[in-house]
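Just below is one structure, and these are the notes that go with it.
The values are calculated or read from the model by the stated rules, or taken from the named source; none is laboratory data. Predicted model, so just to flag it, every value in this text is computed and none were measured. No Cβ is skipped: glycine too gets one built from the backbone with ideal geometry, and neighbour counts run over all protein chains shown. With ligands, DNA and RNA removed, areas are computed over all heavy atoms of the protein, side chains included. Shrake-Rupley method; radii C 1.70, N 1.55, O 1.52, S 1.80 Å.
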Amino acid sequence: MKLRTFLLCYSLILFTGCQIIEEGEVDYVRTVENNALSAKDITQCDKALYDKSEYTRAGVTRECYETLYRKYTKVPQIASGDTISVHLMQAFNGAAFEWKNASEFFGRRGSNAEMVIIANVCEQGKAGCSMSFGPSADKNGRVIFYSNGVKALQYLNLSYLPVYGPIKYEGGPLIIQLTIVELDDPSDQQKAMLQSLASAGKQLYPPASDVLTVLDSVGSAILSNSSDDILFRYSMTLVPDSQSQNYQSPIVAEGNYAFIRKNTNKGPLETELLDKLYFDNLSGRLVEECEKDDKELTRVDYDDGTFDEFDYIPCTLDLNTGKYFKDYRKNTYLTFQIKSGFVEKTLDNIQTFELLLNDLNQAADESAAQAVQAISGLENTFSSRAKEASLQKSLNTLKTIVSDITKNKFDLFSIEASKFVKLYDIELNKMKTAKCDDIPLPPECESLISSEQVQQFQIELHAFLESINPNPAHQLSTIIPLGSEPLSDAGKVKTVLQNGYKKFFNKALFEKFSGELQAIDKLVANVSDIKVRASAPEALKKRKALLIANVNNFLSELALEHANALTKTCPSITNQDCYLNLTTTQKQALINAFNQFLARNIHGATAIDASTDANLTTSLSAANILALEKLIENAF
């Protein structure tokens, strides 16, 4: 009877959990722009040395590391109206998991933790933004990291994860609440729900996997229950600068922030850490100087008197500082970066996940059927976003091809334009068939791209077309009507795109020649200045040679361009491959500008005659170009 009672009690210990609150003592420090210490002698690092240290290769000691300042240090605030974003740069788990689940106990394996990092970040004064406390508050906010394979004393497998924004900052205080939760051995059913959510995200919304890849489950808060362990908890507010000089306060400002947790045992709690720590903004990690023992090989002796030495040295390679550094691995800590300047639209979709998380959190205490319904709603959202993302990706491909205009990629652009037009027409025909303009919205429209998404995308599409084809043959509002109407004529849209590429390429070709002329003008001014000073004959010689080479290159390219154009009949640059050559008007403008250059700087030079194609060919002959080079040589 006693044995049975013992086994029953022991089983309860193994298979059930109780909540452990061990949040420790947490505080944060921050960096200040352009403030770093020299690794060699711990003095202030000058800008030149700091800039050099920004390009130190991995595994080598940097010459400068960022200084950690107190949290109320006065710094310039992010201006109202700018964008603001918060990213989780790195996280180190300094907790040792003493309890093992049944599988780990009987399998004699090391403890493995299911860890969740939850962040609640919002601007005070905006709808839904508040700071709350209590057991339920630990599960509020966005799940920014989840893993079921975290070991003790390891860096978590993440880097620069989006937590908040980019979003327009409106000048209010910024509330930040952080919690690290160790899940208490979730059930197979709960884990299956996690995988279902993660699978939906990867299959139906690839961009979510790119941006939020570490969210193995958007709804991992479903797993939270009363026995989950709290390992880290911190609440704070950053405020706008009041311009008051009386007392310092924590400013809403750009910077790298490190939140460090101390154990509450007497010794570790009292240890001063910050006098030995630095911030490495190239890795997002805290670093400290290596101790003597760190730089020695690890020796393992065997019973037969032999031994082996292993290189477990954690220190960076020193090249010129005399110092060795290592990643800090003693206490749990998180590093975040608050930054301004990102384009608000870049990660806008992430903001809407908060509403989804709220729905999924409520599903934790509901029946399995209700949880499945929540997942189904998530899949619809992912599906809608996937369709919008596919259109955006297709348009971005066209923009990328146009941006690399130094190479003729018309064939590739045409292929991608056909794909884009087909995809656009398919999605809008689906909306029209499903009658997605009706009120109330038909259920089948929930998984389709929304009217609001379509309208925003159409505005961007019109802007792109106007930028590459300012005067299209067909009116954009007619062939691409705003709203959920499909294309009136897909062929005309493709033609507008193709002609736009040709016009943009031709414009870039003209600007290339114009840029070469500007470079020649600047070189003449430089040569003239050196000649007046008469103090650097060798420099004058080199600059003259460069000027002559640039003139030769400009005229030779123009001659080749003219010869190629004569082999074609080009009523318009959009005909066939006529866009690859300058028009008569463009050549005339370039020749006029070059003749003005000659008149200003090269006395006695004969102007280039572009009155007829034959005269221009003669003027740009190799003999005439050589004669002009000699005149330039003598002129300086």
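Any chance the range 428-438 includes a residue that's open to solvent by 20 Å² or more (accessible area, probe 1.4 Å), among the acidic types (Asp, Glu) and assigned to a helix (DSSP H, G or I)?
no
Restricting to the range 394-403, name every residue that is open to solvent by 50 Å² or more (accessible area, probe 1.4 Å) and without any contact (Cβ under 8 Å) to a residue 24 or more places away in the chain.
The first filter runs over the range 394-403 and keeps only residues open to solvent by 50 Å² or more (accessible area, probe 1.4 Å), leaving 396, 399-400, 403.
Residues satisfying the conditions are Asn396, Thr400, Ser403.
Cβ-Cβ distance below 7 Å, separation of 6 or more or different chains: which pairs start in the range 275-300 with a residue that is at positive phi and end on one that is open to solvent by 20 Å² or more (accessible area, probe 1.4 Å) and of a type in the set (S, T, N, Q)?
Close Cβ pairs satisfying both conditions: Gly284/Ser159.
Which residue, of Ser340, Ser376, Ser384, is at pLDDT below 80 and open to solvent by less than 30 Å² (accessible area, probe 1.4 Å)? Spell out the reasoning first.
Values: Ser340 fails: at pLDDT below 80; Ser376 fails: open to solvent by less than 30 Å² (accessible area, probe 1.4 Å).
Just a single option satisfies the conditions, and that option is Ser384.
In the range 404-417, which residues are open to solvent by 40 Å² or more (accessible area, probe 1.4 Å) and touching a helix residue (DSSP H, G or I) at 6+ places or on another chain (Cβ under 8 Å)?
Initial filter on the range 404-417 (open to solvent by 40 Å² or more (accessible area, probe 1.4 Å)): 404, 406-409, 411-412, 415.
The answer is Thr406, Asn408, Lys409, Leu412.
State the number of residues belonging to the range 248-299 that are of a type outside the set (A, V, I, L, M) and either open to solvent by 90 Å² or more (accessible area, probe 1.4 Å) or in a helix (DSSP H, G or I) (or both). Steps first, answer last, please.
The first filter runs over the range 248-299 and keeps only residues of a type outside the set (A, V, I, L, M), leaving 248-250, 254-257, 259, 261-268, 270-272, 275-276, 278-281, 283-285, 288-296, 298-299.
Retained after the next criterion (residues that are either open to solvent by 90 Å² or more (accessible area, probe 1.4 Å) or in a helix (DSSP H, G or I) (or both)): 248, 265-268, 270, 272, 275-276, 291-296, 299.
Here the count works out to 16.
Of the conditions (1) open to solvent by 60 Å² or more (accessible area, probe 1.4 Å); (2) within 28 Å of Asn581 (Cβ to Cβ), Lys541 fails just one. Which one is it?
The single condition Lys541 does not satisfy is (2).
Checking the structure you have, find out if any residue of the range 165-187 is modelled with pLDDT under 85, crowded, with 17+ Cβ neighbours inside 10 Å, part of a helix (DSSP H, G or I) and in contact with an Asp or Glu (Cβ under 9 Å, 6 or more places away or on another chain).
Here is the first cut: in the range 165-187, the residues modelled with pLDDT under 85 are 165, 181-187.
Right, trim to crowded, with 17+ Cβ neighbours inside 10 Å and you get 165, 181-186.
From what's left, part of a helix (DSSP H, G or I): none.
Scanning the range 165-187, I find no residue that is modelled with pLDDT under 85, crowded, with 17+ Cβ neighbours inside 10 Å, part of a helix (DSSP H, G or I) and in contact with an Asp or Glu (Cβ under 9 Å, 6 or more places away or on another chain), so the answer is no.
Working only within the range 301-337, note down all residues that are touching a Pro at 6+ places or on another chain (Cβ under 9 Å) and free of Cβ contacts under 8 Å to residues at least 60 places away in the same chain.
Listed by number, the list holds a single entry, Lys326.
Return yes or no: is Ile608 within 24 Å of Phe505 (Cα to Cα), surrounded by 18 or more Cβ atoms within 10 Å (Cβ to Cβ) and aliphatic (A, V, I, L, M)? Lay out the reasoning, then the answer.
Working: within 24 Å of Phe505 (Cα to Cα): no; surrounded by 18 or more Cβ atoms within 10 Å (Cβ to Cβ): yes; aliphatic (A, V, I, L, M): yes.
No, not satisfied.
Just wondering, is there one or more residues in the range 601-612 that are assigned to a helix (DSSP H, G or I) and free of Cβ contacts under 8 Å to residues at least 24 places away in the same chain? Before the answer, list the steps.
Within the range 601-612, the first condition is being assigned to a helix (DSSP H, G or I), and the residues that meet it are 601.
Cutting the leftovers down to free of Cβ contacts under 8 Å to residues at least 24 places away in the same chain gives us none.
No, the range 601-612 has no match at all.
Does the range 220-270 hold any residues that are within 28 Å of the chain's Cα centre (by Cα) and at pLDDT below 80, and which are they?
Correct list: Ser220, Ala221.
Name the residues in the range 513-560 that are free of Cβ contacts under 8 Å to residues at least 12 places away in the same chain and of a type in the set (A, V, I, L, M, F, W, C), would you? Reasoning before the result, please.
Here is the first cut: in the range 513-560, the ones free of Cβ contacts under 8 Å to residues at least 12 places away in the same chain are 515, 518, 522, 525, 529, 532-539, 541-542, 545, 549, 560.
Passing the criteria: Ala525, Val532, Ala534, Ala536, Ala539, Ala545, Ala549, Leu560.
Looking at (1) at pLDDT below 90; (2) part of a strand (DSSP E or B); (3) not hydrophobic (A, V, I, L, M, F, W, C), which is the only condition Glu354 fails?
Status for Glu354: all satisfied but (2).
Restricting attention to the range 611-634, report how many residues are open to solvent by less than 40 Å² (accessible area, probe 1.4 Å) and not hydroxyl-bearing (Ser, Thr, Tyr).
Number of matching residues: 6.
Within the range 474-482, is even one residue without any contact (Cβ under 8 Å) to a residue 60 or more places away in the chain, more than 30 Å from Ile401 (Cβ to Cβ) and either within 31 Å of the chain's Cα centre (by Cα) or part of a helix (DSSP H, G or I) (or both)? Give the derivation first.
Kept after step one, since they are without any contact (Cβ under 8 Å) to a residue 60 or more places away in the chain, are these residues of the range 474-482: 474-482.
Right, trim to more than 30 Å from Ile401 (Cβ to Cβ) and you get none.
Checked the range 474-482: no residue is without any contact (Cβ under 8 Å) to a residue 60 or more places away in the chain, more than 30 Å from Ile401 (Cβ to Cβ) and either within 31 Å of the chain's Cα centre (by Cα) or part of a helix (DSSP H, G or I) (or both).
Can you work out which of the residues in the range 544-574 that are within 40 Å of the chain's Cα centre (by Cα) and closer than 30 Å to Asn499 by Cβ is most open to solvent (accessible area, probe 1.4 Å)?
Per the criteria, the residue is Glu557.
Condition first: at negative phi, open to solvent by 40 Å² or more (accessible area, probe 1.4 Å) and touching a Lys or Arg at 6+ places or on another chain (Cβ under 8 Å). Now tell me which residues in the range 321-336 satisfy that.
First pass over the range 321-336, keeping only residues at negative phi: 321, 323-336.
Now drop any that are not open to solvent by 40 Å² or more (accessible area, probe 1.4 Å), which leaves 323-324, 327, 329-330.
Result: Lys323, Tyr324, Asp327.
Is it true that some residue in the range 584-597 is in contact with a Phe, Trp or Tyr (Cβ under 9 Å, 6 or more places away or on another chain), part of a loop (DSSP other than H, G, I, E, B) and touching a residue at least 40 places away in the same chain (Cβ under 8 Å)?
So far as the range 584-597 goes, no, none of its residues is in contact with a Phe, Trp or Tyr (Cβ under 9 Å, 6 or more places away or on another chain), part of a loop (DSSP other than H, G, I, E, B) and touching a residue at least 40 places away in the same chain (Cβ under 8 Å).
Could you please find all residues in the range 442-473 being without any contact (Cβ under 8 Å) to a residue 40 or more places away in the chain, assigned to a helix (DSSP H, G or I) and either touching a strand residue (DSSP E or B) at 6+ places or on another chain (Cβ under 6 Å) or closer than 21 Å to Lys399 by Cα (or both)? If you could, list the steps in order and put the result at the bottom.
Here is the first cut: in the range 442-473, the residues without any contact (Cβ under 8 Å) to a residue 40 or more places away in the chain are 442-445, 451-452, 454-456, 458-459, 462-463, 465-467, 469-473.
When the remaining residues are screened for being assigned to a helix (DSSP H, G or I), the result is 443-445, 451-452, 454-456, 458-459, 462-463, 465-467.
Selection gives Val454, Gln455, Gln456, Gln458, Ile459, His462, Ala463, Leu465, Glu466, Ser467.
Results for (1) surrounded by fewer than 17 Cβ atoms within 10 Å (Cβ to Cβ); (2) touching a helix residue (DSSP H, G or I) at 6+ places or on another chain (Cβ under 8 Å); (3) at pLDDT below 90; (4) farther than 19 Å from Leu391 by Cβ, shown as yes or no for each residue.
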{"site": "Ile459", "(1), (2), (3), (4)": "yes, no, yes, no"}
{"site": "Pro472", "(1), (2), (3), (4)": "no, yes, yes, yes"}
{"site": "Gln475", "(1), (2), (3), (4)": "yes, no, yes, yes"}
{"site": "Thr478", "(1), (2), (3), (4)": "yes, no, yes, yes"}
{"site": "Leu482", "(1), (2), (3), (4)": "yes, yes, yes, no"}
{"site": "Glu485", "(1), (2), (3), (4)": "yes, yes, yes, no"}
{"site": "Ala490", "(1), (2), (3), (4)": "yes, yes, yes, no"}
{"site": "Thr495", "(1), (2), (3), (4)": "no, no, no, yes"}
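Among the acidic types (Asp, Glu), modelled with pLDDT under 90 and touching a Pro at 6+ places or on another chain (Cβ under 7 Å), is that true of Glu366? Outline the logic, then answer.
Values: among the acidic types (Asp, Glu): yes; modelled with pLDDT under 90: yes; touching a Pro at 6+ places or on another chain (Cβ under 7 Å): no.
Criteria not met by Glu366.
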